[in-house]
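Visitor: I'd like to ask some things about the structure below.
The values are calculated or read from the model by the stated rules, or taken from the named source; none is laboratory data. All figures in this text were calculated on a predicted structure; none of them were measured in a lab. Using ideal geometry, Cβ is built from the backbone for each residue, glycine included, and neighbour counts are taken over all protein chains shown. When the accessible area is computed, the model is the full protein with side chains, heavy atoms only, and any ligands, DNA or RNA have been set aside. Shrake-Rupley method; radii C 1.70, N 1.55, O 1.52, S 1.80 Å.
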Amino acid sequence: MPIEKIVVVEDDLIVRKGLEQQLRQRRYDVASVGNIAAARDYLARDTFDLVFADLRLPDGEGTELLRELQARPQKPLVVIMTGFGTADFAVSCLREGAFDYLFKPFSNDQLEFTLKKAEEFTQLVKVNTYLSNDEGDESGYELLGRTPPMDQLRDLIRKVARTQATVLIQGESGTGKELVARAIYRESPRAQAPFIRVNCAAVPENLIESEFFGHEKGAFTGALTKREGRFELAHTGTILLDEISEISPAVQAKLLRVLQERELERVGGNRTLKVDVRVIATTNRNLEQSVERKEFRQDLFFRLNVVPILVPPLRDRREDIPLLAERFMRRYARKHGAQVAGIASSCLATLMAHRWPGNVRELQNVIERAVILSSDGQNLEAVHLGFAPVENAAVAPSPPGPAAPGPSPAEEALSLEEVEKRHILATLDRCGGNRTQAAKKLGISVRTMRNKLHEYGLGAKDESDGPEPE
């Protein structure tokens, strides 16, 4: 039931008890009070869905309570009751923010009608909130990283978010393109309006147009009722077109019209509907190449590419791997009820050496698997990651000579900063002190290597270093 808890604020004891009884018969959870002060006390201690407030109360007017409730982030619906009402009074209440009004004495049918309207309205709001907050696999996630590429990305998001510009987010699979889109939405002036996501690759070819623009009753077989499309649901808000490169040329033409004219027609309809929507699109393809191959309309590409954002792959920001690994470890330890002590240095070294073709999503899945396979109270080990030994040997070959002894149990519980330091210094040692070669093996720039060594108090330049490319 969309509405569960109701407060009745009525000075007349007989009226108050009668209304309370009628509401309880309909299985509502009801609290009834006789003045505004008592109502404030109830509303401060609990969340209510609906308030019936009399206009004239011993310590004020019901409209005073109405104005207070309108200022709250989560405000209940308010129905004002009065025995002295006029049409002007009703209009005034609605302007103040009241959901409805009732003239006393009111019949059972009138009460039933008001409750039905409130139920339907609340349900509509909850469905809309669900659509706006349905974050799927990205729920609760944030853009993590302290490297220069991530700092630049966050700075660009802040600049773009405050505008109304269309944004095209490009990047490899698993880099977090949807996270970037949601970050733009949350920092935008439309943050309180709907955020509607459409996965263009997941919608069947014959349904994508209906999904975008909606359809009229009888537009095609199975269209038994009218249905609003995602653009209509996103009106005044933001729509995310995920994997935009997957839509057909016919839909591309209609999408172009929406971007140009801000209007659309439902499938099977002839009425033009105006929409106010900000469009964010993502793709893991190079759309410029798709345009050259005539797979994607050039004019649509220009409309989408007003502000291009490129999300860096994980291999270009390897210094973020320890931070991401630790965050994922904690998240999945909570999810699966595992007791994980930390990440072993050998495990982190393996993570740092991996190529990560699946980017952050692959790292996330690898850490979840490691958490599941690990023993309670122990560190994550390299064996838990599930990487093929041959692959790891090829990615991070060891120099000839005796193998370095494994870490002792006392060395296992190290901070991520210490593990990173040891890994960098060990790689530098294997490269004979050549920072350029060591940086190349670690997948970081020479400048980053130099800064790290300065942090460790080892800033003097080795004679064996070659030139330092930026």
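Visitor: Using mean Cβ contacts within 10 Å as the protection proxy, how do 306-313, 105-112, 75-82 order, highest first?
Guide: 75-82, 306-313, 105-112
Visitor: Right, something else. Treating the angle as unsigned and between 0 and 90°, give the value, to the nearest 10°, between the Cα long axis of helix 108-133 and the longest Cα principal axis of the chain.
Guide: Relative to the chain, helix 108-133 is tipped by roughly 10 degrees.
Visitor: Next up: Anything over 23 Å Cα to Cα? Flag those among LYS226/LYS274; LYS159/LYS254; LYS217/LYS254; LYS226/LYS254, in the order listed.
Guide: Correct reply: LYS159/LYS254.
Visitor: Considering only DSSP states other than H, G, I, E and B, which trypsin sites (Lys or Arg not before Pro) in the range 324-383 qualify as loop sites with at most 16 other Cβ atoms within 10 Å?
Guide: ARG355
Visitor: For LYS421, list the lysines whose Cα falls under 27 Å from its own Cα; do not include residues on the same chain fewer than 8 positions away.
Guide: Partners within reach: LYS440, LYS441, LYS452, LYS461.
Visitor: Once the piece of chain linking GLN378 and LYS159 is laid out straight, how much longer is it, given 0.36 nm per residue of separation minus the C-alpha distance between them?
Guide: Answer, rounded to one decimal: 74.5 nm.
Visitor: Expected output is a single nm value to one decimal: the length gained when fully extending between PHE121 and GLU261, i.e. 0.36 nm times separation in residues minus the C-alpha distance. What is it?
Guide: Net length gain for the segment: 47.3 nm.
Visitor: How far apart, in nm, are two points set 7 Å out from the Cα along the Cα-to-Cβ line at LYS17 and at ASP151?
Guide: It is 7.1 nm.
Visitor: Is the shape of the range 221-294 rounded, prolate or oblate, going by the alpha carbon gyration tensor and its root eigenvalues a ≥ b ≥ c, with a/c under 1.5 for rounded and a/b larger than b/c for prolate?
Guide: Prolate shape, in that a/c is at least 1.5 and a/b is the bigger ratio.
Visitor: Chymotrypsin sites (Phe, Trp or Tyr not before Pro) within the range 158-223: which are DSSP loop residues with at most 14 other Cβ atoms inside 10 Å?
Guide: Here the sparse-neighbourhood loop sites are PHE220.
Visitor: How big is the charge dipole of the range 227-337 about its Cα centre, in debye rounded to the nearest 20, if each Lys and Arg gets +1 on its Cβ and each Asp and Glu gets -1 on its Cβ?
Guide: In debye, rounded to 20, the range 227-337 gives about 400.
Visitor: While we're on this one: Can you work out the PRE-style zone for ARG186? Point 7 Å along Cα to Cβ, and I want the residues of the range 303-339 with backbone N under 17 Å.
Guide: What the label zone holds, given the 17 Å backbone N cut-off, is 324, 327-328, 331.
Visitor: In deg cm²/dmol, rounded to 500, what helix-only [θ] at 222 nm does the chain give when every DSSP H run of at least 4 residues adds -39500 (n - 2.57) and the total is split over its residues?
Guide: Using -39500 (n - 2.57) per qualifying helix, the result is -13500 deg cm²/dmol.
Visitor: Mind checking the angle between helix 446-455 and the chain's longest principal axis? C-alpha axes, 0 to 90 degrees, to the nearest 10.
Guide: 90 degrees
Visitor: Hey, how much of the P(r) for the chain falls beyond 27 Å, as a percent of Cα pairs?
Guide: Above the 27 Å cut-off, the chain has 68 percent of its Cα pairs.
Visitor: OK, next. When ligands, DNA and RNA are left out and all protein chains stay put, how many square angstrom of accessible area per residue does the chain have with a 1.4 Å probe?
Guide: Heavy-atom accessible area per residue stands at 52 Å².
Visitor: What is the total of Lys pairs in the range 14-133 with C-alpha atoms under 20 Å apart, excluding same-chain pairs fewer than 8 positions apart?
Guide: 8
Visitor: Given the range 138-271, report the % of alpha carbon pairs whose separation exceeds 19 Å.
Guide: Above the 19 Å cut-off, the range 138-271 has 55 percent of its Cα pairs.
Visitor: Let a ≥ b ≥ c be the square roots of the eigenvalues of the Cα gyration tensor of the range 1-94; is it rounded (a/c under 1.5), or, if not, prolate (a/b larger than b/c) or oblate?
Guide: rounded
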